[in-house]
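Visitor: Structure below; questions to follow.
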Amino acid sequence: MNRIAVAQPRLAGNERKYVLDCLDTSWISSNGKYIAAFEESFAAFCGVKHAVAANNGTTALHLALVALDLKPGDEVIVPTVTYIATANAVKYCGATPVLVDVSADTMNIDPNQIERAITPRTRGIIPVHLYGHPAQMEAVMAIARKHKLWVLEDAAEAHGAEVNGQRVGGIGDCAIFSFFGNKIVTTGEGGMVTTNDDEIAARLRLYRGQGVDPKRRYWFPVIGYNYRMTNIQAAIGLAQMETIDAALSERQALARIYDKALAPLADALVLPTTQPGMQHVYWMYTVYLREGGEERRDAVMRALEEQGIETRPVFYPMHVLPPYLEDKTYPVADEWAQRGINLPTHQDLTQDDVNRIAVALRQAVGR
Ligand SMILES: Cc1ncc(COP(=O)(O)O)c(C=O)c1O
């Protein structure tokens with residue numbers, strides 16, 4: 001029985017050709033034609049003016065926060081259910097992530113909880129488009145405008161997701177994406193910051209390249225970082241962008257196959273839903289057990305593993321992790337995160353694979 005991976009990249013287009021071009025021409029470092037080409041292609045895909053490549057999604061987050069001028073003592077509102085990099089990047093700036101509970105339907109930041117978390121120190125909000133479903137951006141943007149806060153979209157997991165026909169990446173003041181090997185678009189390791197703001201874009205480029213003055217070599221007006229992407233990474237990324245439309249529609253098709261195969265288990269599992277006006281890109285098809293806690297969830301995952309099916313638990317909320325531990329309860333995150341399972345979600349899964357996963361899940365949940 002072959003093993004079903006939870007995620008795997010599809011590298012079947014021009015990836016090899018473009019990487020070999022980098023090797024053959026010796027443009028292997030962070031100069032070369034693929035970087036600008038990848039940035040331009042990604043900006044066009046998101047419908048934004050600027051895309052600035054970075055060496056991973058975490059540095060993209062840090063870079064975006066530096067460009068937004070986040071300072072020690074400032075506060076940033078972050079959903080408690082996210083990957084830890086979202087909160088860590090705020091800490092890298094000496095600022096404080098202020099956690100907010102999520103909505104049960106998508107596990108994205110609950111806009112109704114945001115205003116009560118705002119203080120005079122709050123500078124911005126980082127909504128996360130968790131597992132490929134956009135956060136409620138209309139509500140988030142309205143709150144941000146009212147309180148004069150910036151919005152940084154954490155779109156690490158949501159390439160191509162849409163809100164009322166607009167792709168994520170151009171809704172907030174800026175946005176970040178990850179291109180880790182398990183993401184919808186991959187460069188192995190890699191990241192991108194997108195923005196429509198010329199001034200932010202200039203700051204992103206300045207701080208990404210050690211802070212060097214673009215007009216004066218070895219002159220550094222600020223302390224910057226080396227967060228540059230290599231031409232080899234960008235070569236893979238450009239090839240990935242050539243097949244992104246197919247990738248997105250294959251993921252939609254897979255989600256419909258899952259919906260159908262798992263419908264008979266709806267009394268045991270909450271299946272993913274899409275909010276009106278939104279386009280979910282299913283980075284991860286995620287289900288939640290209706291009953292039980294972490295122990296039962298882990299037992300279900302072990303049962304699937306025994307059948308050769310890899311899964312992942314939904315992220316622990318930040319407020320239960322040692323660096324961000326709080327005494328407070330976040331009712332939705334506390335109840336639901338521990339019951340969540342990411343099922344295998346990638347383009348090479350077949351109807352037979354999904355049937356096998358559905359059978360294993362039915363046995364595991366005792367239906
Ligand atoms: C929500 C979220 N933010 C940020 C990141 C960080 O991206 P990277 O792993 O490329 O550093 C990830 C990565 O998995 C993520 O899921």
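Here, each number is a calculation from the coordinates, and none is a lab measurement. Keep in mind it's a predicted model, so treat the numbers as computed, not measured. No Cβ is skipped: glycine too gets one built from the backbone with ideal geometry, and neighbour counts run over all protein chains shown.
Visitor: Say the dipole of the chain comes from +1 at the beta carbon of Lys and Arg and -1 at that of Asp and Glu; which of A36, P72, A266 then lies farthest toward its positive end?
Guide: A36
Visitor: Can you tell me what share of the DSSP beta bridges in region 15-242 is antiparallel? A percent to the nearest 5 is fine. Don't skip to the end; give the middle numbers.
Guide: Details: 14 of 29 bridges.
About 50 percent, rounded to the nearest 5.
Visitor: Here is a further query. At 1.002 mPa s and 20 °C, plugging the Kirkwood radius over alpha-carbon pairs of region 93-135 into Stokes-Einstein gives what diffusion coefficient in µm²/s? It would help to have the intermediate numbers written out before the result.
Guide: Details: Rh = 11.4 Å.
Calculated translational D: 189 µm²/s.
Visitor: Still on this structure, please answer the following. Starting from 0.36 nm per residue, how many nanometres of slack lie between V270 and Y218 once their C-alpha separation is accounted for?
Guide: Values: separation 52, 0.36 × 52 = 18.72 nm, distance 5.63 nm.
Net length gain for the segment: 13.1 nm.
Visitor: Okay, moving on. If you take every DSSP beta bridge whose two residues both sit in region 158-207, what share of them, in percent to the nearest 5, is antiparallel?
Guide: Working: 7 of 8 bridges.
The answer is about 90 percent antiparallel.
Visitor: Based on DSSP H runs of at least 4 residues, each adding -39500 (n - 2.57), what is the mean residue ellipticity at 222 nm of the chain after dividing by all its residues, to the nearest 500 deg cm²/dmol? Please report the intermediate quantities before stating the final value.
Guide: Numbers: 12 runs with 135 residues, N = 367.
Only helices count here, giving -11000 deg cm²/dmol.
Visitor: Sticking with this one: Can you tell me the relative contact order of region 15-242? Whole percent, Cα pairs under 8 Å, sequence separation 6 or more.
Guide: Details: 517 pairs, mean separation 64.5, N = 228.
Relative CO of region 15-242 lands at 28 percent.
Visitor: If you take all C-alpha pairs in region 265-309, what percent of them are over 13 Å apart?
Guide: I get 66 percent for the Cα pairs in region 265-309 exceeding 13 Å.
Visitor: Of L262, L325, L361, how do they rank once you tally other Cβ atoms within 10 Å and put the fewest first?
Guide: Lowest count first: L325, L262, L361.
Visitor: Compute log10 of I(q)/I(0) for region 108-257 with the Debye formula, placing one identical point scatterer on every Cα and leaving out solvent, at q = 0.12, 0.13, 0.17, 0.20 Å⁻¹, to two decimals.
Guide: Scattering profile of region 108-257, log10 relative to I(0): -0.61, -0.71, -1.08, -1.27.
Visitor: Give me the one-decimal nm value for the distance between modelled label points at N14 and Q363, 7 Å along each residue's Cα-to-Cβ direction.
Guide: So the two model labels end up 4.6 nm from each other.
Visitor: Average the reciprocal distances over every distinct pair of alpha-carbons in the chain, invert the result, and give the Kirkwood radius in Å. Present the calculation step by step, with values, prior to reporting the outcome.
Guide: Working: mean 1/r = 0.0474 Å⁻¹.
Kirkwood radius, the chain: 21.1 Å.
Visitor: Moving on. When the dipole is taken about the Cα centre of region 169-240, and only Lys, Arg (+1) and Asp, Glu (-1) are charged at their Cβ, what size is it in debye, to the nearest 20? Kindly include the intermediate steps, with their values, before the conclusion.
Guide: Values: 8 positive and 6 negative charges, 67 e Å.
Computed charge dipole of region 169-240: roughly 320 debye.
Visitor: Which of A104, P331, N226 sits closest to the plus end of the dipole of the chain, meaning its Cα is farthest towards the positive end, when Lys and Arg get +1 and Asp and Glu get -1 on the C-beta?
Guide: N226
Visitor: Neighbour counts of other C-beta atoms within 10 Å: give me K71, K215, K183 arranged from fewest to most.
Guide: Ascending number of Cβ neighbours within 10 Å: K215, K71, K183.
Visitor: Among the chymotrypsin sites (Phe, Trp or Tyr not before Pro) within region 205-246, which fall in a DSSP loop and have no more than 13 other Cβ atoms within 10 Å of their own Cβ?
Guide: Details: sites: Y207, Y218, W219, Y225, Y227; in loops: Y218, W219, Y225, Y227.
Listed in order of number, the matching sites are Y218, W219.
Visitor: Still on this structure: Given the Cα atoms of region 244-364, and with Rh set as the inverse mean 1/r over their pairs in the Kirkwood sense, what is Rg to Rh to two decimals? It would help to have the intermediate numbers written out before the result.
Guide: Details: Rg = 15.3 Å, Rh = 15.4 Å.
Ratio value, two decimals: 0.99.
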